[in-house]
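The values are calculated or read from the model by the stated rules, or taken from the named source; none is laboratory data. As the structure is a computational prediction, the values presented were derived from the model and not from experiment. No Cβ is skipped: glycine too gets one built from the backbone with ideal geometry, and neighbour counts run over all protein chains shown.
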Amino acid sequence: MLKALSLAAVLMASAAHAENLVVHAGTLIDGSGAPPRKSVSILIDGDKIAQVKDGFSTPAGYRVVDLSKATVLPGFIDVHVHIGAKLPSTTNATEDWVTHSALDRAFDDAVYARAMLQQGFTSARDVGGSDDSVAVRNAIDAGKVAGPRLWVALEALGPTAGHGDPRSGLDPDLYHPGWEQGIVDTPEQARMRVREHKRRGADLIKIMPSGGIASTGDDPRQQLMTDAEMQTAVETAHSLGMKVAAHIYPAAAIEAAVRAGVDSVEHGSFATDEALALMKAKGTYLVPTLTVFDVFYRAASEHPELLTPGTAQKELANDLLPKQNMPRALKSGVKIAYGTDLGQGDHTLEFSLLTASGMSPMDTILTATRNGADLIGASDKIGAISTGHYADIVAVNGDPLKDITLLRHAPFVMKGGIIYRQNDVPTAQP
Ligand SMILES: [Zn+2]
């Protein structure tokens, strides 16, 4: 008993005071947009980066992490996840939804969070979760569960019969109290829900100004929230220190939401040049989420029976458009952040989809580092390999500026100074 106790004490001590490490980086892409640097030492004290300096050096008391043959980058940031969401091609959406509680989902969250970290994602925004997302965020922060640092939005706010109304298309007599937690039909309700979500632990607010694709009964080409509802939601969220992410497809609704002051347009797939110009002028981020359209198009083609009733046709009619419209967004110069809209699955797919749309590999890396950190509002903590930032570090073999697909197989992942993956072998599992 005594032996077990002392071992536990040692483990806790090492988690609380991680040893000092020095990473010898063969090539460093630091997340600032600066050109890559060769032969750099990254000194890590506890969970933070203490110093970044040229040449390989090993100060007394530091253990070397030898990445001298690798390219080292900041840990990746996915700003659009639903951490517990299952892949549409393997799970019957409706059956899963009516047979799982928030407690069940919390265990899925933990499994997918760990998988995301193994893929190199050390931070993420859950833009539409519930109490389970808050719980898993807290468990990750407390070191009980391995996963990315999470910034969490609760149920997306939107109107009755909108993209976020779970009752659309169901027997009207079916009811679950949780289904009301995102419904807003007046500005006053928007204000109340934002405050309520803050109380329940939200870091940011998600709104649904337009209809969506993977939902029954609503139209992705219609604006469904009023301008006044959006304005009140944004104003209340901002006054409480929370950002607002907005799910939107059509151009008119994008313009209305941008005027209301949202911080990011999620999807934004049917944006016109005018809508994109307004976003650029206001500094609003675009999170194109090309991955989810790829994944759902395949599911709708191969397994339409697994999707939410009536949505396979919507997926087939719409899912190829975001990729076609992406070059227009690139040309506009709007700020872009990296988002997949996945929980389970391969969060690294967006890298290849962005470069295939014409984005340079360096800009693609910046969407998942500098830009993600900026959109979250944590540029001083994440998204860069720089003094004072968390020691969130990924390494790949080879040059990702020549071959972006290298980022899809990162053999080294560190978060907060703890190595979670090395040479394809997970080496630290709290
Ligand atoms: Zn989403």
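Matching residues to (1) over 20 Å from Lys381 (Cα atoms); (2) in contact (Cβ under 8 Å) with a residue 12 or more places away in the chain:
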{"residue": "Arg125", "(1), (2)": "no, yes"}
{"residue": "Arg137", "(1), (2)": "no, yes"}
{"residue": "Ala142", "(1), (2)": "no, no"}
{"residue": "Leu150", "(1), (2)": "no, yes"}
{"residue": "Leu154", "(1), (2)": "yes, yes"}
{"residue": "Thr160", "(1), (2)": "yes, yes"}
{"residue": "Gly164", "(1), (2)": "yes, yes"}
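Screening Phe412 on (1) out of contact with any Ser or Thr (no Cβ under 7 Å at 6 or more places or on another chain); (2) closer than 29 Å to His267 by Cβ; (3) of a type outside the set (Ser, Thr, Tyr) shows it passes everything except condition (2).
Pull up the stretch 264-291, narrow it to residues that are of a type in the set (Ser, Thr, Tyr) and away from the ligand (no atom under 16 Å from the Cβ), then point me to the one that is farthest from the chain's Cα centre (by Cα). Only one residue fits best here, namely Thr272.
The condition (being within 12 Å of the ligand (Cβ to nearest atom), aliphatic (A, V, I, L, M), under 18 Å from Gly164 (Cα atoms) and free of Cβ contacts under 8 Å to residues at least 60 places away in the same chain) is satisfied by just one residue among Ala246, Ala253: Ala246.
Checked against the criterion of being touching a His at 6+ places or on another chain (Cβ under 6 Å), touching a residue at least 12 places away in the same chain (Cβ under 8 Å) and not in a helix (DSSP H, G or I), the stretch 342-358 contains one or more residues that satisfy it. In the stretch 53-162, counting only helices (runs of 4 or more DSSP H) that sit wholly within it, the ones holding 1 or more residues that are within 16 Å of the ligand (Cβ to nearest atom) and buried (at least 23 other Cβ atoms within 10 Å of the Cβ) span 102-118, 131-141.
What about Thr236, is it touching a residue at least 12 places away in the same chain (Cβ under 8 Å), over 26 Å from Phe270 (Cα atoms), surrounded by 16 or more Cβ atoms within 10 Å (Cβ to Cβ) and among the hydroxyl-bearing types (Ser, Thr, Tyr)?
Answer is yes for this residue.
Does any residue of the stretch 84-91 turn out to be assigned by TED's automatic domain parsing to the domain that holds Leu307, in contact (Cβ under 8 Å) with a residue 24 or more places away in the chain and in contact with a strand residue (DSSP E or B) (Cβ under 6 Å, 6 or more places away or on another chain)? The answer is no, given that none of the residues of the stretch 84-91 is assigned by TED's automatic domain parsing to the domain that holds Leu307, in contact (Cβ under 8 Å) with a residue 24 or more places away in the chain and in contact with a strand residue (DSSP E or B) (Cβ under 6 Å, 6 or more places away or on another chain).
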